[in-house]
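Have a look at the structure below before the remarks.
The values are calculated or read from the model by the stated rules, or taken from the named source; none is laboratory data. Since the structure is predicted, the reported quantities are computational estimates derived from the model, not experimental observations. Cβ coordinates were reconstructed from backbone atoms using ideal geometry, including for glycine residues, and neighbour counts include every protein chain displayed.
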Amino acid sequence: MKFHTFDLAGPVEIVPHRIGDARGYFSEIFRRGPFTEQAGQVEFVQENESLSAQIGTIRGLHFQTAPFVQGKLVRCTAGAIFDVAVDLRHDSPGFGRWIAVTLSAAQGNQLWIPPGFAHGFCTMLPGTVVNYKVTAYYAPEHDRGVAWNDPDIGVKWPREADAATLSGKDRQQPALTDLPRHFAMEG
């Protein structure tokens with residue numbers, strides 16, 4: 001496995017090594033030791049999966065508040081996504097900044113998004129399946145978000161991004177400047 005970090009502290013891209021032959025490939029996709037060296041000590045308690053039928057589907061930008069703050073290990077198991085993490089830690093030098101990685105089934109890469117970040121994605125292929133492990137259980141009363149197209153964040157979404165695919169919830173998310181102070185550097 002290879003681990004790639006970003007100028008924005010926290011997120012980590014994980015690229016597995018694949019051993020292939022005429023039958024296909026074998027790949028180790030998670031190993032606790034190297035993962036904790038890069039991401040810190042975490043425990044996953046729930047695993048989720050979403051299917052997006054059409055290209056350009058936008059989901060996010062989502063996060064949960066204390067005491068159900070989530071870190072996410074995101075993987076695309078069919079298709080491809082433009083995966084985004086936005087720093088919401090108010091005392092972070094990266095507050096309001098974002099990173100993005102294209103995750104695909106073909107590459108098998110993953111993105112670790114630590115607590116204190118909002119997460120969202122846009123599908124790049126039809127029939128895209130996204131799987132992610134989280135460090136806290138889903139808690140609807142702590143489920144929050146920020147506007148996917150907030151100009152203060154300035155995510156450069158791919159041209160495929162289709163606002164018509166947004167859920168009712170995601171159409172009503174607040175701007176970054178309207179968010180209460182939910183996170184500090186330690187999560």
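Matching residues to (1) of a type in the set (Ser, Thr, Tyr); (2) under 18 Å from Gly120 (Cβ atoms):
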residue: Phe6; (1), (2): no, yes
residue: Arg31; (1), (2): no, no
residue: Glu47; (1), (2): no, no
residue: Thr65; (1), (2): yes, yes
residue: Val74; (1), (2): no, yes
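So Gln70 passes all but one of these: (1) assigned to a loop (DSSP other than H, G, I, E, B); (2) among the polar types (S, T, N, Q); (3) in contact with an Asp or Glu (Cβ under 8 Å, 6 or more places away or on another chain). Which condition number does it fail?
Gln70 satisfies every listed condition except (3).
Quick one: would you say Thr77 is assigned to a strand (DSSP E or B), under 22 Å from Asp150 (Cα atoms) and polar (S, T, N, Q)?
no
Mind checking which residues of the stretch 109-131 are out of contact with any Gly (no Cβ under 9 Å at 6 or more places or on another chain) and either at pLDDT below 95 or buried (at least 23 other Cβ atoms within 10 Å of the Cβ) (or both)?
Selection gives Gln110, Leu111.
Confirm whether Ala78 is among the hydrophobic types (A, V, I, L, M, F, W, C), touching a residue at least 60 places away in the same chain (Cβ under 8 Å) and surrounded by fewer than 19 Cβ atoms within 10 Å (Cβ to Cβ).
It is false that Ala78 is among the hydrophobic types (A, V, I, L, M, F, W, C), touching a residue at least 60 places away in the same chain (Cβ under 8 Å) and surrounded by fewer than 19 Cβ atoms within 10 Å (Cβ to Cβ).
Count, please, the residues in the stretch 118-153 that happen to be more than 16 Å from His62 (Cα to Cα), over 16 Å from the mean Cα position of the chain (by Cα) and in contact (Cβ under 8 Å) with a residue 24 or more places away in the chain.
Of the residues in that region, 4 qualify.
Could you list, in sequence order, all residues of the stretch 151-175 that are closer than 17 Å to Ser92 by Cβ and either of a type in the set (D, E, K, R) or surrounded by fewer than 18 Cβ atoms within 10 Å (Cβ to Cβ) (or both)?
Selection gives Asp152, Gly154.
Here are the criteria: (1) in contact with a Lys or Arg (Cβ under 9 Å, 6 or more places away or on another chain); (2) touching a residue at least 40 places away in the same chain (Cβ under 8 Å); (3) under 29 Å from Tyr25 (Cα atoms); (4) surrounded by 24 or more Cβ atoms within 10 Å (Cβ to Cβ). Tell me which single one Ala85 does not satisfy.
So the condition that Ala85 fails would be (3).
Looking only at strands (runs of 3 or more DSSP E) that fall completely inside the stretch 4-44, which ones have 2 or more residues that are in contact (Cβ under 8 Å) with a residue 12 or more places away in the chain and not hydroxyl-bearing (Ser, Thr, Tyr)?
Those strands (runs of 3 or more DSSP E) span 12-15.
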